[in-house]
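Read through the structure below, which is laid out as structure tokens, and then see the notes.
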Amino acid sequence: MTITTSQLFFLVFTAILFSSAHFSAQSSNEDEEDVKKSHFPDSFLFGTSTSSYQVEGAYLEDGKGASNWDVFCHVPGNIMNNENGDVADDHYHRYLEDLKIVQSLGVNAYRFSISWARILPRGRFGEINPRGIKFYNEIIDNLLLRGIQPFVTIHHHDIPQELEVRYGGWLNPLIQKDFVYFAEICFEKFGDRVKYWATINEPGLFVNRAYIWGTYPPGHCSKPFGNCSSGNSDIEPLIAMHHMLLSHSMAVHLFRKQYQMKHGGIIGIIVNALMYEPLTDEELDRQAVNRALAFNLHWILEPLVFGDYPPEMRHILGSELPRFSPRERKLIEGSLDFIGINHYSTLYAKDCTHSACTDGEDRPIQGFVNTTGYRDGVAIGGLTGLPRFFVVPEGMEKIIDYVKKRYNNKPMFVTENGFTPPEQQSEQVQDLLEDIDRIKFHEAYLAALARAIRNGADVRGYFIWSLMDNFEWVHGYKKRFGLYYVDRQTLNRTPKLSARWFTSFLTNNSHSNKDEFWRDSFRNKDMLKRSGDKKADI
């Protein structure tokens with residue numbers, strides 16, 4: 001049976017409509033509004049994100065030292081399928097190819113992180129690695145040549161293993177001196193060209209995974225959270241966070257005193273910003289929402305804006321929560337030029353002070369809150385490839401509005417937002433390339449973000465996580481957030497449909513990116529098939 005071009009288009013377009021209906025079944029009608037680039041300010045940054053350990057590879061090459069993640073990943077059982085970042089996406093050798101890909105998307109910014117162990121293999125106990133400096137200089141220079149602003153994260157989970165061995169990493173105040181030394185090298189070597197700096201990526205998520213659950217290095221935990229060989233889940237995360245916040249504030253102080261006036265630029269921190277809804281209409285669950293936000297978002301931002309930890313945490317944790325000295329409080333208060341928002345999902349919050357909870361959620365360190373994506377067996381939003389990530393576009397508008405109101409409309413950047421699809425039993429590469437659900441996800445979340453901006457939020461950028469499929473920490477390579485598919489055998493990069501959608505969104509202000517995009521996509525696909533191009537099915 002022969003299928004004509006028009007029949008093929010009709011079948012594919014019908015599949016798209018079905019997928020869209022399934023995807024947005026639990027979203028409000030306003031989330032389906034058309035969104036255009038013109039809905040955002042002219043100076044708005046649109047980009048993609050990566051991090052050093054997740055893409056670079058070359059883990060002991062050209063003078064790089066071992067990082068905490070290098071060591072952690074080499075312990076059998078720590079990572080799904082015992083995978084690691086030794087090669088990752090081989091970005092270290094393929095960075096020129098990857099920067100061309102970045103440029104081809106039409107973005108005006110690219111967020112990446114600097115490997116601490118590539119610059120300082122042994123922290124301040126060794127020499128600066130000139131080949132590491134050269135690598136990041138080339139990335140920065142090539143981005144600028146392409147008209148793309150580098151948005152640099154100084155620390156994205158990976159530290160030199162030397163610091164962990166010598167004094168216990170983030171559990172020791174000595175790391176503050178190491179972090180500031182590393183930050184100063186970054187400011188000195190790259191600050192004449194980098195205008196956007198983030199000190200630390202998601203400190204809340206990191207201390208939660210590293211010191212409560214033990215699933216990130218150094219793998220510390222205690223019962224009932226896990227059965228690690230060492231750790232205290234009730235105390236260690238509070239100590240580690242305290243040192244991270246002080247490290248941030250000291251680096252910001254240095255930047256403002258010695259580099260900001262000289263080179264310009266702004267500096268901030270990046271938080272993992274989930275939104276929460278009460279599980280029921282009961283007052284106890286509404287209070288649980290407040291505690292969930294306090295123990296995840298306020299924990300980081302309250303000291304950096306107002307100079308102290310949130311009262312909700314102080315009330316519950318008492319003397320276990322560290323205190324800032326008068327000198328430290330003066331240093332830390334106001335130590336933000338912007339807030340980086342990594343937003344992926346919304347969860348329900350349930351009170352655990354008067355209800356039975358399990359898995360440590362009935363303990364002070366968790367704020368006596370249970371968080372879940374289900375109410376009466378029904379998911380809060382569309383499913384993704386991660387069990388606690390749900391598609392709830394209105395959560396983007398709500399979290400942005402919440403941060404705007406609580407923190408005096410401090411400038412914000414959405415530094416990560418992304419989608420990984422649910423795994424299929426007989427998954428084919430073609431299914432991964434025709435990622436319609438990822439497109440629908442970003443359209444809905446961008447529409448929600450545009451509404452927040454119209455309502456007065458000072459949001460200045462949106463970065464898709466991620467540029468390409470990469471090493472997703474404990475999940476290895478099974479979770480694919482990328483706009484580009486990476487073949488694990490050849491490491492070849494192939495654009496997904498979402499990459500073409502993003503380019504269309506960034507280059508076409510005249511239409512909504514819906515009908516015309518789909519029409520153009522499948523017209524091009526049909527032309528390729530008729531020309532015999534082997535990539536027609538991509």
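A few remarks follow.
- Where only C-alpha atoms are counted, convex hull volume of segment 283-412 per residue in Å³: 125
- Extension gain, Asp62 to Ser104, is 12.2 nm, computed as 0.36 nm per intervening residue step minus the present C-alpha separation.
- Contour minus Cα-Cα distance for Val71 and Arg488 (0.36 nm per residue): 148.0 nm
- A cysteine counts as unpartnered when no other cysteine's C-beta lies under 4.7 Å of its own; in the chain this applies to Cys73, Cys186.
- Per principal axis, descending, Cα span of the chain in whole Å: 75, 59, 47
- For segment 48-194, the share of DSSP beta bridges that are antiparallel, to the nearest 5, is 10%.
- Residues Ser229 and Asn81, FRET efficiency given R0 of 30 Å [Cβ-Cβ distance, rounded to 0.05]: 0.85
- Point-to-point label distance, Cys357-Val429, nm (Cα→Cβ direction, 7 Å offset): 4.6
- Estimated distance in nm for a label pair at Asp141 and Lys36, the labels positioned 7 Å out from Cα along Cα-to-Cβ: 4.1
- Equivalent-ellipsoid semi-axes of segment 108-172, from the Cα gyration tensor, Å, largest first: 27, 14, 5
- Averaged per residue, the chain has 40 square angstrom of accessible surface, using a 1.4 angstrom probe with ligands and nucleic acids left out.
- Gyration tensor verdict on segment 201-286 (Cα atoms; rounded if a/c is under 1.5, prolate if a/b is larger than b/c, oblate otherwise): oblate
- Under the Karplus curve 6.51 cos²θ - 1.76 cosθ + 1.60, θ = phi - 60°, whole-Hz ³J(HN,Hα) for segment 80-88, x wherever Gly or Pro sits: 3, 6, 6, 7, 7, x, 4, 10, 6
- Cα centre as origin, Lys/Arg/Asp/Glu Cβ charges: the chain dipole, Debye: 1340
- One chain, two ends: Thr507 and Arg327. Fully extended at 0.36 nm per residue, the span grows by 59.9 nm beyond their Cα-Cα distance.
- Debye log10 I(q)/I(0) at q = 0.09, 0.15, 0.16, 0.17 Å⁻¹ for segment 37-185, Cα point scatterers: -0.31, -0.81, -0.89, -0.98
- Each of the GluC sites (Glu not before Pro) that DSSP puts in a loop and that has at most 11 other Cβ atoms within 10 Å breaks the chain; the longest unbroken stretch is 128-422.
- Counting protein heavy atoms only, the chain has 50 percent of its accessible area on carbon and sulfur, 1.4 angstrom probe.
- Modelled label positions at Glu320 and Lys134, each set 7 Å beyond Cα in the direction of Cβ, lie 5.0 nm from each other.
- Share antiparallel - DSSP beta bridges, the chain, percent rounded to 5: 25
The values are calculated or read from the model by the stated rules, or taken from the named source; none is laboratory data. Source: prediction; values computed, not measured. Counting neighbours? That spans all protein chains shown, and the Cβs are built from the backbone with ideal geometry, glycine included. Each accessible area value is taken on the protein alone, full model and side chains, heavy atoms only, with ligands, DNA and RNA left out. Shrake-Rupley method; radii C 1.70, N 1.55, O 1.52, S 1.80 Å.
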